[in-house]
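Chemist: I'd like to ask you about the structure that follows.
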Amino acid sequence: MKLQVIKQRNLWWAISAAVILAGIASMVISWQQFGAPLRPSLDFVGGTRFQVELDCTRSDCGKPIDLAAVRSVLVEQGLGNSSVQETINQDRRGISIRSSPLSPEQRSRLQTALSEKIGPFDPATTRIDTVGPVIGQQILSSGLLALLVAFAGITVYLSLRFQLDYAIFALVALLHDVLVTVGIFSILGLVFGIEVDSLFIVALLTIVGFSVNDTVVIYDRIRETIALNSDRSIDDIVDTAVNQTLARSINTTLTTLLPLISIFLFGGETLKFFALALIIGFIAGVYSSIFIASTLLALWRERTEKVAPVSAGDLAVTDPPQKSDEAL
Amino acid sequence: MQRQRSLLALILVLLIAAIVVIVRIPPRLGLDLRGGSQLTVQVKTTEEVPEITSREMDAVQRVIEDRLNPQGVSEIVVQSAGNDQILVQLPGVNDPKEAEELLGRVAKLEFRKQKPGTEAQLQAEYRVLKELQLQQESLIKGNDQKAIEENKAAIQRSNAAIANLFEPTGLTGENLKDAFPQSTTSQTTWEVGLRFDTKGAALFADLTKNLAGTGRSIGIFLDNELISAPTVGPEFAQTGITGGSAVVTGNFTAQSATTLATQLYGGALPVPVEVVETRTVGATLGQDSIQSSIYAGVGGLVLVLTFMVLYYRLPGVIADISLIIYALLTFAAFNLLGVTLTLPGIAGFILSIGMAVDANVLIFERTREELRAGKTLYRSVEAGFYRAFSSILDSNVTTLIACGALAYLGTSFVRGFAVTLSVGVLTSMFTALTCSRTLLLFVLSFSALRKPGYFCPNLSSTQPQPEATP
């Protein structure tokens, strides 16, 4: 099997463009709905998430919780605009309420009122998060800053180890991965109400760190092939390099995805969407390395080499000596 | 061969050390796993203190620690986060309300003067208050919310009644420079030393001169609550206590002297704080998520290990052994470095195992290529390691760059993730390049295992495969 990445590049670009455009469209729609490109969680907008489970030894866990009663309690407390969801975790029934930020007094009043109405809660399963809007801004801005610093660091490193144009196309591939992940999460937010929290920013950074690996491996091969056969056309070289590293790309992505998929399916609630973001990002990452970074590099070299055909020769200097039988 | 033997010995020693560390030093679990509360406290500027410096941060941190320690929560963590925030972790605390109230308020320390003719009344009111406070302690154990609230209101009324017996003097915590416990000259009891600034010294001299020998006391109030009521001896009636220093004596033990000094000094803090974030996780919830995530992660890893053996054959087995060594070494490194394991941290760990496979895959793919090109087995293995090195280095460095950005700019738990992932990446470089290589070359020293088919299935058998090692 030989993949024709260069010949079919318009197809690969179209697939990426379609996914990214759909994501952007969804971001525009969600901007109109929630004032943000993705459905933001508490971490970013501030508020209180109040999650309790019934104490089954003292209350009836058999029948569903009366959500109307919960809502009436909320209205009594002046928290009518909060959202309520029932949660079921291994036969334990509970509720999850998201409201504006509550003071300690408001929160304990709510807790008392709720347990009077629907039964005693088990304090060991309670989860209460209150985040002020300031913190959300901080998480967001420090996260975005970290993302920019990571981009800059990776670009500088790659332009030192390879060349500037390699680094730029690697950056394009990274932006592609980030856009695909953000876009798909925006769609998930619109369709299934999935929210992004601060772990999502961690996921994006991990994606950036990881998916550049595939690009580097292919670049390494392209550089090596150019050094060995400087007379072959760049299209041919890129095609060969991609195919030579294909088994590796698929296998390493697979081995990384296996634990992630298993965390997504069976892991705890907190890590579920973190794992999903990584799964999407890593798939986008291996795709962009094979089909985007390499094809763009080939197109660019093809165009510029007609003007300056010597550039491939310079590469041999930076290459390691080919004494492959020596020990490390 | 000699070098290989010593490397093999080194790996064995590291492995044993890692197992000892894992058994001896238990991992530190984050609050999201063991249950508890985490609060972020914002330190605010005031007109007097327009900028928060590390001095203010240290002071606030100390005050928070001192205020929380008497609460009887074990393993409290108080650390600064960023330039003007303090992170407080209270393991096992399911209701952060008390801590939040304690942290959120600005303690105000005041020295007041007892009104004439109230001596008997003060004695009586003080006894009532003590009784109510004792009652409160037993009520809290009984967990009757309603009674607790009622008693609390009574305590507040009692406090207000006491406060009513005193009048302000203008001497406040702002004038107090220091307060410290010290043992008396006889070494048997304790007392609390005070130091005032110039303005405070004058006010204090005035106050003590006024009260000396009258039997009326100085009311030291923290947030309108009387925390101490020392009297002044008649020998100071002429000038008052001058010089800006004073000693509060009484029936102090080392502990009670420390508590009072802390309260006094804490009250002297000029900057207000506000709780801007609280996160509370119940103990069971943490247990649930740790368990399911670990099961899921281990399940995924077993799949990875199986895949490696099925696809890469003998080298796959070697890779699996290195991966297990990797996991043990990394986990030991976490425990040794005192990394707090949080849920994202565990995800970072599981992820790093998936990524550690990457180096092995790169090496084995290269080895296969060399074999297909007709090289001998030994040379192919060597070439695989040599040629894959630059890819492994570059890809790991880029991951480390992203980790660095996260660790440097991220918030606390993000930092935990970045640290675990970087420790993982560094260890994986070692295990992939050293462990896998040494083990593989060791395996190659057995002639029975020196079959190219064990390394690369479907290798075209038309080419003769020389078996000699160099």
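The values are calculated or read from the model by the stated rules, or taken from the named source; none is laboratory data. Remember, it's a predicted structure, so these values are computed and weren't measured experimentally. Cβ placement follows ideal geometry from the backbone for every residue including glycine, while neighbour counts extend to all protein chains displayed. Just so you know, the surface numbers come from the protein's heavy atoms only, side chains and all, with ligands and any DNA or RNA stripped out. Shrake-Rupley method; radii C 1.70, N 1.55, O 1.52, S 1.80 Å.
Chemist: List every residue pair whose Cβ atoms sit under 9 Å apart, with the two residues 6 or more apart in sequence or on different chains, where the first one lies in segment A:249-273 and is touching a residue at least 12 places away in the same chain (Cβ under 8 Å) and of a type outside the set (S, T, N, Q) and the second, anywhere, is outside any helix (DSSP H, G or I) and surrounded by 24 or more Cβ atoms within 10 Å (Cβ to Cβ).
Modeler: If the second residue must be outside any helix (DSSP H, G or I) and surrounded by 24 or more Cβ atoms within 10 Å (Cβ to Cβ), the pairs left are A:273/A:196.
Chemist: Scan segment B:196-216 and tell me whether some residue there is free of Cβ contacts under 8 Å to residues at least 60 places away in the same chain, surrounded by 21 or more Cβ atoms within 10 Å (Cβ to Cβ) and among the aromatic types (Phe, Trp, Tyr).
Modeler: yes
Chemist: While we're on this one: With the requirement that a residue be touching a residue at least 40 places away in the same chain (Cβ under 8 Å), within 8 Å of another protein chain (Cβ to nearest Cβ) and either more than 23 Å from residue A:161 (Cα to Cα) or surrounded by 23 or more Cβ atoms within 10 Å (Cβ to Cβ) (or both), what does segment B:362-404 give you? Before you say what the answer is, go through the steps one by one.
Modeler: Initially, segment B:362-404 is screened for residues touching a residue at least 40 places away in the same chain (Cβ under 8 Å), giving B:363-364, B:367-368, B:371-372, B:374, B:376-381, B:385, B:389, B:392, B:399.
Checking which are within 8 Å of another protein chain (Cβ to nearest Cβ) leaves us with B:379, B:385, B:389, B:399.
Within segment B:362-404, B:379, B:385, B:399 qualify.
To keep it simple, each residue is scored yes or no on (1) away from chain B (no Cβ under 12 Å); (2) within 23 Å of the chain's Cα centre (by Cα); (3) buried (at least 23 other Cβ atoms within 10 Å of the Cβ); (4) under 23 Å from residue A:154 (Cα atoms).
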residue	(1), (2), (3), (4)
A:212	no, yes, yes, yes
A:219	no, no, yes, yes
A:237	yes, no, yes, no
A:244	no, no, no, no
A:247	no, no, no, no
A:252	no, yes, yes, yes
A:265	no, yes, no, no
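Chemist: Now, a different point. Go through segment A:1-118 and tell me which strands (runs of 3 or more DSSP E), entirely inside it, have 3 or more residues that are small (Gly, Ala, Ser). It would help to see each step written out before you state the result.
Modeler: Details: elements: A:47-53, A:83-89, A:92-99.
Result: A:92-99.
Chemist: I've got another one for you. Please enumerate the residues belonging to segment A:119-128 that are open to solvent by less than 40 Å² (accessible area, probe 1.4 Å) and part of a strand (DSSP E or B).
Modeler: Passing the criteria: A:121, A:128.
Chemist: Name the residues in segment A:148-160 that are open to solvent by 10 Å² or more (accessible area, probe 1.4 Å), touching a residue at least 12 places away in the same chain (Cβ under 8 Å) and within 22 Å of residue A:238 (Cα to Cα), would you? Explain how you work it out, then say what you get.
Modeler: Of segment A:148-160, the ones open to solvent by 10 Å² or more (accessible area, probe 1.4 Å) are A:148-149, A:151-153, A:155-157, A:159-160.
After this cut, where a residue has to be touching a residue at least 12 places away in the same chain (Cβ under 8 Å) as well, the list is A:151, A:155.
Matches in segment A:148-160: A:155 only.
This table checks each residue for (1) over 27 Å from residue B:420 (Cα atoms); (2) of a type outside the set (D, E, K, R); (3) open to solvent by less than 60 Å² (accessible area, probe 1.4 Å); (4) in contact with a helix residue (DSSP H, G or I) (Cβ under 8 Å, 6 or more places away or on another chain).
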residue	(1), (2), (3), (4)
B:27	no, yes, yes, yes
B:32	no, no, yes, yes
B:49	yes, yes, yes, yes
B:56	yes, no, yes, no
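Chemist: Output yes when any residue across segment A:189-205 is within 9 Å of chain B (Cβ to nearest Cβ), surrounded by fewer than 20 Cβ atoms within 10 Å (Cβ to Cβ), aromatic (Phe, Trp, Tyr) and assigned to a helix (DSSP H, G or I), and no when none is. So that I can check it myself, show each step before the final result.
Modeler: Taking segment A:189-205 as the starting set, the residues that turn out to be within 9 Å of chain B (Cβ to nearest Cβ) are A:198-199, A:201-202, A:205.
Restricting the remaining residues to those that are surrounded by fewer than 20 Cβ atoms within 10 Å (Cβ to Cβ) gives none.
Within segment A:189-205, not a single residue is within 9 Å of chain B (Cβ to nearest Cβ), surrounded by fewer than 20 Cβ atoms within 10 Å (Cβ to Cβ), aromatic (Phe, Trp, Tyr) and assigned to a helix (DSSP H, G or I).
Chemist: Count, please, the residues in segment B:290-321 that happen to be without any contact (Cβ under 8 Å) to a residue 24 or more places away in the chain and not β-branched (Val, Ile, Thr). Give the derivation first.
Modeler: Our first condition is that a residue be without any contact (Cβ under 8 Å) to a residue 24 or more places away in the chain; within segment B:290-321, this holds for B:291-292, B:295-296, B:298-299, B:302-303, B:305-307, B:309-311, B:317, B:320.
Remaining after also requiring not β-branched (Val, Ile, Thr): B:291-292, B:295-296, B:299, B:303, B:305, B:307, B:310-311, B:320.
Total meeting the criteria: 11.
Chemist: Does residue B:332 satisfy the criteria of being at pLDDT 80 or above, part of a helix (DSSP H, G or I) and small (Gly, Ala, Ser)?
Modeler: Values: at pLDDT 80 or above: yes; part of a helix (DSSP H, G or I): yes; small (Gly, Ala, Ser): yes.
Yes; evaluated as a whole, the condition is true for this residue.
Chemist: Within segment B:293-316, can you find the residues that are open to solvent by 60 Å² or more (accessible area, probe 1.4 Å) and more than 8 Å from every other protein chain (Cβ to nearest Cβ)?
Modeler: Step one: filter segment B:293-316 for residues open to solvent by 60 Å² or more (accessible area, probe 1.4 Å), giving B:294-295, B:298, B:302-303, B:306, B:310-311, B:313.
If the condition is that a residue be open to solvent by 60 Å² or more (accessible area, probe 1.4 Å) and more than 8 Å from every other protein chain (Cβ to nearest Cβ), then B:294, B:298, B:302, B:306, B:310, B:313 are the ones that fit.
Chemist: Given the criteria touching a helix residue (DSSP H, G or I) at 6+ places or on another chain (Cβ under 9 Å), away from every other protein chain (no Cβ under 13 Å) and at pLDDT below 85, does residue B:460 qualify?
Modeler: Details: touching a helix residue (DSSP H, G or I) at 6+ places or on another chain (Cβ under 9 Å): yes; away from every other protein chain (no Cβ under 13 Å): yes; at pLDDT below 85: yes.
Criteria met by residue B:460.
Chemist: Here are some residues: B:407, B:418. Which one is within 12 Å of chain A (Cβ to nearest Cβ), buried (at least 22 other Cβ atoms within 10 Å of the Cβ) and not in a loop (DSSP other than H, G, I, E, B)? Working first, answer last.
Modeler: Details: B:407 fails: buried (at least 22 other Cβ atoms within 10 Å of the Cβ).
Exactly one of B:407, B:418 is within 12 Å of chain A (Cβ to nearest Cβ), buried (at least 22 other Cβ atoms within 10 Å of the Cβ) and not in a loop (DSSP other than H, G, I, E, B), namely B:418.
Chemist: I'd like the full set of residues that are at pLDDT 70 or above and assigned to a helix (DSSP H, G or I), limited to segment B:264-281.
Modeler: B:264
Chemist: When you scan segment A:129-165, how many residues do you find that are more than 7 Å from every other protein chain (Cβ to nearest Cβ), among the aliphatic types (A, V, I, L, M) and either in contact with a Ser or Thr (Cβ under 7 Å, 6 or more places away or on another chain) or part of a loop (DSSP other than H, G, I, E, B) (or both)?
Modeler: So the answer is 0.
Chemist: For segment B:335-359, how many residues meet the condition of being in a helix (DSSP H, G or I) and open to solvent by 20 Å² or more (accessible area, probe 1.4 Å)? It would help to see each step written out before you state the result.
Modeler: Taking segment B:335-359 as the starting set, the residues that turn out to be in a helix (DSSP H, G or I) are B:335-337, B:343-359.
With open to solvent by 20 Å² or more (accessible area, probe 1.4 Å) added as a condition, the list becomes B:336-337, B:349, B:355.
Residues that pass the stated criteria total 4.
Chemist: Among the residues that make up segment B:125-136, is at least one of them modelled with pLDDT of 80 or more, acidic (Asp, Glu) and exposed (fewer than 15 other Cβ atoms within 10 Å of the Cβ)?
Modeler: Yes: segment B:125-136 contains one or more residues that are modelled with pLDDT of 80 or more, acidic (Asp, Glu) and exposed (fewer than 15 other Cβ atoms within 10 Å of the Cβ).
Chemist: Criterion first (within 12 Å of another protein chain (Cβ to nearest Cβ), assigned to a helix (DSSP H, G or I) and over 30 Å from residue B:173 (Cβ atoms)) does residue B:290 satisfy it? Give the steps one after another, and end with the answer.
Modeler: On the way: within 12 Å of another protein chain (Cβ to nearest Cβ): yes; assigned to a helix (DSSP H, G or I): yes; over 30 Å from residue B:173 (Cβ atoms): yes.
So residue B:290 passes the test.
Chemist: Is there any pair with a first residue in segment B:108-132 that is closer than 15 Å to residue B:222 by Cβ and a second that is open to solvent by 30 Å² or more (accessible area, probe 1.4 Å) and outside any strand (DSSP E or B) whose Cβ atoms are under 7 Å apart and which are 6 or more apart or on different chains, and what are they?
Modeler: Filtered contacts from segment B:108-132: B:108/B:223.
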